[in-house]
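Read through the structure below, which is laid out as structure tokens, and then see the notes.
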Amino acid sequence: MCIAIITITFIGWNILYALSFRYKSNLHFSERLAVSYGLGLGFMSLGMIFFYFFNIGFTPLKIITPWSALVLLNSIIYFRNHKKATLTAAFKADDKNHRFLKTFFIIGIAFEAAYAFFRALIKPLESYDAIAIYAIKAKIFYLSKSIPHDFFSRVTFVFPHPDYPLNIPLSETLIYLFLGNLNDQLVKIIFPLYFVSILTVVYFGIRRFANSSYALLFTFLLASVPQFSAYATNGYLDLPLSFYCLTSALFLFLWFQNREAVCFLMISAVMAGLAGWTKNEGFMYCAINIFMVVLFFIFDCREKIWSKLWYLFTYAFIIFAISLPWIIIKKSAGLVNDEISLINYSPANLISQSYKIVPIIYEFQKQAFGFKKWNLLWIVLFFILIVKRRFIFIARERYVTIFLFLSVSGYILMYLINSSPIEWSLGRTWSRFLLHFLPLAVFWMATILKEDPRL
Amino acid sequence: MKGNIFKITLGIWLILWVSFITRELFRKGYFYDYKALIFRSLEGKRSYVTGDRFYEFLTFCNERLPPLANYGWVGVEPESVDMRRAAYYLYPHLEKKDYPDFILVYDKPMIAKAGYETFIRLDYVRYILKRKGDI
């Protein structure tokens, strides 16, 4: 198990190095580890799709071998360039105050992380979607040591949602291959590791503009949201998607602030592509990310038009290239979503579906006051939105606000064009969709409140 | 003022945090689940989360169904979590809606199904029917 996680993270580390060695990336070691884990898992599972194209079976060695070329290349680059690398301080100086609070938050975060691992690993995969959609595919791939040639044309249609991307099923297969058996208990380690990675990325995201006690406070708030920690344990894809959404947005905002660090733009593009490779909703975040880049170029960037177009093209191309293998499979096998179709996007249909707004608003308020799932989080967020309204559209905060607004709007649009009964659909999905942008919402709260000297 | 709002909010947050964890552990019974699960083997854990009785039947079916035979269900609610878990544990056997090779009957006393005969029983209410003729 440890070998699997170390290998995945090591390969992710190399991908991250290949993306960032040219630039001053200023990533903390722990932040690098967290990003590397998500990158490694996403890219190794994406690589496994090519085994299907070339009709090759899976073994750990075969899966690792193509990545060894990257490791070799990186080693050469490292030994030629590492002396030239400079690392400027990216994080705010640490404060010596609030020792008691800091200790308390660290214990709280450690408890939540340990409890997430315990809850995940005490049971094998058993929750509905985890079994019905993802684990069954992982089992099929593991038992046949490949993606069977008739999988997309026949087998996948026996199980629900054949159109869902395969990042996590293939990641689970990868863990099984390393373990050498179908241990559907240990494989769940994937999920609390995403949980810890999200907390790490949020912490260091906040540390770039605030001291450690402030960053620990918001990291603790995120870790202690019951719904968030529960989904670190049940084998659902919402937390992995949340990780890719968070990192794609956060690194994009970092690039907006420091355009010399082009690696941040590259990491953002790659993470957005992996969001699409994790869950269908990830494609919405790809579109939002591209739109944010366009918005930034229109309002805040003084570079030449060709330079802007080059960045935009590169960004969109990376996302497209990562999404392409799955798009090809979906198109060729005719895998379509049975609830949401682009045909329903017509303005006439949207107007006819506008009655759904009432149940949507009702469900929104139900979640906002659903303390059992969210503690006070959404209430605090709305309070901040009202009290600090002057700050939500200034400087860095503006892009985070727009990103969150577009995320909520995107989901509302999805509900409008969804062919399933709206109450059923909302009750089943909205509390999970909120998880996708929850870490970013916590980051937004931290950015908006940062100017308050009392905190 | 701002400091007080912060302290009160954090205080309520912490009280809710502790109460939700405690509630989950004891009122929702997670503690007893963990206690029951912690010393079980992987197979035992699978059985516990699936329901010992149902898992026993799934294991029985897995042992008795011929390789690659398909099956249908009687006595398990369609689209239910039990149905999904069954599909997971019974793979590589695949479910077939119309005229499957075998019908798995769970918690139903002897049923008569045209074109099928009793294949093997686990007990009076858990058994497998086989399609008449060669499979």
message = Looking at A:353, A:367 in this structure, which one is within 30 Å of residue B:12 (Cβ to Cβ) and more than 14 Å from every other protein chain (Cβ to nearest Cβ)?
response = A:367
request  = Go through segment A:1-49 and give me each residue that's basic (Lys, Arg) and closer than 21 Å to residue A:240 by Cα.
outcome  = A:32
inquiry  = Take residue B:114 and tell me if it is more than 24 Å from residue A:128 (Cα to Cα), outside any helix (DSSP H, G or I) and either out of contact with any Asp or Glu (no Cβ under 8 Å at 6 or more places or on another chain) or of a type in the set (Phe, Trp, Tyr) (or both).
reply    = yes
request  = Sort through B:56, B:43, B:77 and tell me the only one that's closer than 19 Å to residue B:103 by Cβ, among the acidic types (Asp, Glu) and loosely packed, with under 12 Cβ neighbours inside 10 Å.
outcome  = B:77
note = Within segment B:103-121, the residues that are of a type outside the set (Gly, Ala, Ser) and either buried (at least 17 other Cβ atoms within 10 Å of the Cβ) or more than 23 Å from the chain's Cα centre (by Cα) (or both) are B:103, B:104, B:105, B:106, B:113, B:116, B:117, B:118, B:119
remark   = Scanning segment A:109-128 for residues that are within 11 Å of another protein chain (Cβ to nearest Cβ), open to solvent by less than 20 Å² (accessible area, probe 1.4 Å) and part of a helix (DSSP H, G or I) gives A:112, A:122
query = Can we say residue A:141 is more than 23 Å from the chain's Cα centre (by Cα), touching a residue at least 12 places away in the same chain (Cβ under 8 Å), more than 7 Å from chain B (Cβ to nearest Cβ) and closer than 19 Å to residue A:228 by Cβ?
reply = no
note = Scanning segment A:234-243 residue by residue, those open to solvent by less than 10 Å² (accessible area, probe 1.4 Å) and in contact with a Lys or Arg (Cβ under 9 Å, 6 or more places away or on another chain) turn out to be A:235, A:237, A:238, A:240, A:241
message = Looking at A:303, A:260, A:281 in this structure, which one is within 26 Å of residue A:412 (Cα to Cα) and open to solvent by 10 Å² or more (accessible area, probe 1.4 Å)?
response = A:281
inquiry  = I need the helices (runs of 4 or more DSSP H) fully contained in segment A:320-421, keeping only those with at least 2 residues that are touching a helix residue (DSSP H, G or I) at 6+ places or on another chain (Cβ under 6 Å), surrounded by fewer than 12 Cβ atoms within 10 Å (Cβ to Cβ) and of a type in the set (Lys, Arg).
reply    = none
remark   = Of the candidates A:215, A:232, the one satisfying the condition of being more than 13 Å from chain B (Cβ to nearest Cβ), farther than 27 Å from residue A:273 by Cβ and touching a residue at least 12 places away in the same chain (Cβ under 8 Å) is A:215
query = Taking residue A:403, is it aromatic (Phe, Trp, Tyr) and under 23 Å from the mean Cα position of the chain (by Cα)?
reply = yes
message = Can you find a residue that is charged (D, E, K, R), over 23 Å from the mean Cα position of the chain (by Cα) and open to solvent by 20 Å² or more (accessible area, probe 1.4 Å) anywhere in segment A:28-41?
response = no
ask   = Is it the case that some residue within segment A:205-213 is open to solvent by less than 30 Å² (accessible area, probe 1.4 Å), modelled with pLDDT of 95 or more, assigned to a helix (DSSP H, G or I) and of a type outside the set (A, V, I, L, M, F, W, C)?
value = no
remark   = Scanning segment A:172-195 residue by residue, those more than 25 Å from residue A:112 (Cβ to Cβ) and more than 12 Å from every other protein chain (Cβ to nearest Cβ) turn out to be A:173, A:174, A:176, A:177, A:178, A:180
Filter result for residue A:188 (open to solvent by 20 Å² or more (accessible area, probe 1.4 Å) and of a type in the set (Lys, Arg)) = no
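Per-residue answers, yes or no, for (1) over 30 Å from residue A:104 (Cα atoms); (2) facing chain A (nearest Cβ under 10 Å):
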position: B:4; (1), (2): no, yes
position: B:13; (1), (2): no, yes
position: B:18; (1), (2): no, yes
position: B:27; (1), (2): no, no
position: B:34; (1), (2): no, yes
position: B:49; (1), (2): yes, yes
position: B:80; (1), (2): yes, yes
position: B:84; (1), (2): yes, yes
position: B:96; (1), (2): yes, yes
ask   = Within segment A:92-108, restricting attention to residues that are open to solvent by less than 70 Å² (accessible area, probe 1.4 Å) and among the charged types (D, E, K, R), which residue is nearest to the other protein chains (Cβ to nearest Cβ)?
value = A:102
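The values are calculated or read from the model by the stated rules, or taken from the named source; none is laboratory data. These numbers come from a predicted model, not from an experiment. Virtual Cβ from ideal backbone geometry, glycine too; neighbours counted across all protein chains shown. Only protein heavy atoms, including side chains, enter the accessible area calculation; ligands, DNA and RNA are left aside. Shrake-Rupley method; radii C 1.70, N 1.55, O 1.52, S 1.80 Å.
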